[in-house]
Amino acid sequence: MELQQSPAASAGSPPAHRRSLIVALVIGLVIGGGGVGAVWVLRDDSSGGVDPTAAGPVADARAACHALDGFDESKYAIEGPEGDIALNRWGAAGALSAAAAAGDARYKLLAQAIRRSQDRHAQAFQINDEVKKELAEARRICEGL
């Protein structure tokens, strides 16, 4: 038995599954490009000069401080977006300060202060005075950078 091709297929057009793949690729590129464009438009350049394209320990330490600056511990326990933002900024500050300290020992005290704040929170399951003390120390270190 011989399969017959439709006139469109025999005229050199790609098969249907290939057209679907191409359409999906184009849609993905448009959405991705729109996302990047939205980030550029919504980015707040007035917040202190953290260059998102910079790399290295200095940039990591500054980004950690920027994330810590945006961390509002009073919103940490709130359910929903405000709590999620607080949780992620605190986590980002910890990860970025650890990266900075790994690249340059000058940032070890910053990383230790943020890590201690997170460890104290893990022990108490709340933002208590000990956690606030460590956060204040980390913020003090950030002011000196």
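The values are calculated or read from the model by the stated rules, or taken from the named source; none is laboratory data. Quantities reported herein were computed from a predicted structural model and do not represent experimental measurements. Ideal geometry is used to build each Cβ from the backbone, glycine not excepted, and the neighbour counts take in all protein chains shown. The area values use the complete protein model at the heavy-atom level, side chains included, leaving out ligands, DNA and RNA. Shrake-Rupley method; radii C 1.70, N 1.55, O 1.52, S 1.80 Å.
Listing for the model above:
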item: Residue 108 accessible area, 1.4 Å probe, all protein chains in place, Å² to nearest 10; result: 110 Å²
item: Average accessible area per residue (Å²) across segment 67-145 - probe 1.4 Å, nucleic acids and ligands excluded; result: 60 Å²
item: In segment 54-145, the chymotrypsin sites (Phe, Trp or Tyr not before Pro) that fall in loop regions by DSSP, at most 11 other Cβ within 10 Å; result: 125
